[in-house]
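**Q** To start, I am sharing the structure in question, which I have written as structure tokens.
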Amino acid sequence: MYIKTQTFLILGVSKSGYSVGKYLLNNKGKCYLYEENLSQKSKEAIEELKSLGAITLENPIDEEIFKSIDVVIISPGVPINHQVAVKAKQMEKRIISELEFSFLQTQPTIIGVTGTNGKTTTVSLIDEILKKANIKSQLLGNVGVPVSSKLEEIDRETVCVTEISSFQLEASSNLCPHVACILNLAPDHLERHYNMENYVFLKRRLVKNQRESEYAILNYDDENVRATFPECKGKVLWVSTKERVIGAYLNQGKLYYKDEYIMDSSDLSLQGEHNEYNALFSISVAKLLGVQNQDIISALKEFKGVPHRIELVKEKDGIRYFDDSKSTNTASTITAIKSMKAPTVLIVGGSEKGEKYDKLFEEISSSPIVHTVITGASRFSMLESAGKAGVYDVTVTGDFSFAVKIARLYASSGDCVLLSPGCASFDKFKNYEERGDLFKNLVETF
């Protein structure tokens, strides 16, 4: 599209909405803004965009203005069934995500990574490997870096390692990554997508537009991911920790790519089966891009992990405190629980996402969890599931700070305290980072 002759409506002035708005205005595009949730941050962003020539709109949008709009760029936080998006669709306006719009402005090599859990760790690992190999790489997308904020730095030599959420895929109908990774698929964001079928459909969209010259890397051990295979027109590679597959796999503690030994899993800087999967996906991408084994091994040995993902915060009085605030669904919390080797006091709860908690508490009942502190808006639903699973060593509080302090009281020397909420954070916090930061600050006072 030719920006100078098009009129754009940015639906949701989030980080990505602000970023793409600035790009449009700096390139002489006409830009309207629509935002319902006016936080201090969004107000500041809107004021800056208005100073560059943007025009704000309110509901209901004037019919004549709507007719003049060519393209609606929708932010990830705005659902595709928002009233403005629905009206735009009815008026046959183009609706596109910030992610896809931005990639249309340039022609880089796109590595797209999606899935329910492990996305941020995997893209960070891939980016570290590529940088180790002196390949020009940009870490983008759902990690918190809008693609549009880096367009001046992206060219055809750039490999864009992009974490892609289901929210971004809702309005990305033509996205075609050179390599698409689907890590795993478990129930998540059902409060927005309504059911698992819709969620899986959106995730599989990542491979929909690929052709024979592209690659899809799929988790063979995940039934929902494995069922994606018939939809793939590109070349498919598999990842497994359980079977020898055409792709990358774990066998007797060793990591292989197409039967070539790469390294021992015990040498990975991040331990646990979930990190073996992350490493296998990263190895597969790196090998497809021609990276030498020594660079892959070096990066996988040195990588320190991402904040708020089973991150060791502190050890005090023999108690180790882990921040896993990034676990915003039950599948991720179950993974974190399985990584705990010592008796553990668990903190769970937050804002609900349409999930049931029965499976989580069934896992807790046969795990090293010695006490569970339940907090947040989900606490009553979680308490009911705890009772069904026979988990009675629980404490319930609506106050997050009290939850952390209670966990400290129940922990003894040699134990762990694990914050792994299994829920979103929006009942009390702006995001999971703010929740994790408060946990860290509270732990520092012990």
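**Q** Kindly provide the set of residues from region 249-262 that are closer than 23 Å to residue 310 by Cα and hydrophobic (A, V, I, L, M, F, W, C), ordered by number.
**A** 250, 255, listed by residue number.
One line per residue, one yes/no per condition, for (1) of a type in the set (Ser, Thr, Tyr); (2) outside the structural domain of residue 234 (by TED's automatic domain parsing); (3) within 13 Å of the chain's Cα centre (by Cα):
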| site | (1), (2), (3) |
| --- | --- |
| 81 | no, yes, no |
| 127 | no, no, no |
| 134 | no, no, no |
| 143 | no, no, yes |
| 176 | no, no, no |
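**Q** Just to be sure I understand the filter: pairs with C-beta atoms under 6 Å, separated by 6 or more residues or on different chains, first member in region 253-276 and under 19 Å from residue 128 (Cα atoms), second member β-branched (Val, Ile, Thr). Which pairs pass?
**A** 255/262; 257/283; 262/283; 263/297; 274/335; 276/241
**Q** Condition check: buried (at least 21 other Cβ atoms within 10 Å of the Cβ) and among the charged types (D, E, K, R). Does residue 309 satisfy that?
**A** Considered against the rule, which asks whether it is buried (at least 21 other Cβ atoms within 10 Å of the Cβ) and among the charged types (D, E, K, R), residue 309 comes out as yes.
**Q** From 7, 106, grab the single residue that is at pLDDT below 95 and within 28 Å of residue 202 (Cα to Cα).
**A** Result of the check over 7, 106: 106.
**Q** Would you pick out the residues in region 241-257 that are surrounded by fewer than 18 Cβ atoms within 10 Å (Cβ to Cβ) and part of a strand (DSSP E or B)?
**A** 251, 254
**Q** Continuing with the same structure: So which of 61, 55 ends up being surrounded by fewer than 21 Cβ atoms within 10 Å (Cβ to Cβ), aliphatic (A, V, I, L, M) and either modelled with pLDDT of 95 or more or outside the structural domain of residue 92 (by TED's automatic domain parsing) (or both)?
**A** 55
**Q** Hey, another quick one. Can you tell me which residue in region 184-218 is farthest from residue 112 (Cα to Cα), limited to those that are out of contact with any Lys or Arg (no Cβ under 8 Å at 6 or more places or on another chain) and of a type in the set (Gly, Ala, Ser)?
**A** So the residue we want is 186.
**Q** Tally up the residues in region 86-128 that are aliphatic (A, V, I, L, M) and over 21 Å from residue 146 (Cα atoms), please.
**A** Final tally of qualifying residues: 3.
**Q** Continuing with the same structure: Take residue 280 and decide whether it is assigned to a strand (DSSP E or B), within 17 Å of residue 221 (Cα to Cα) and at pLDDT 95 or above.
**A** For residue 280, the condition - assigned to a strand (DSSP E or B), within 17 Å of residue 221 (Cα to Cα) and at pLDDT 95 or above - is not met.
**Q** List the helices (runs of 4 or more DSSP H) that sit entirely inside region 61-178 and contain at least 1 residues that are without any contact (Cβ under 8 Å) to a residue 40 or more places away in the chain and over 22 Å from residue 29 (Cα atoms).
**A** 83-90, 119-132
The values are calculated or read from the model by the stated rules, or taken from the named source; none is laboratory data. Quick caveat: nothing in here was measured; it's all calculated off a predicted structure. Glycine also receives a Cβ, built like all others from the backbone with ideal geometry; neighbour counts cover every protein chain displayed.
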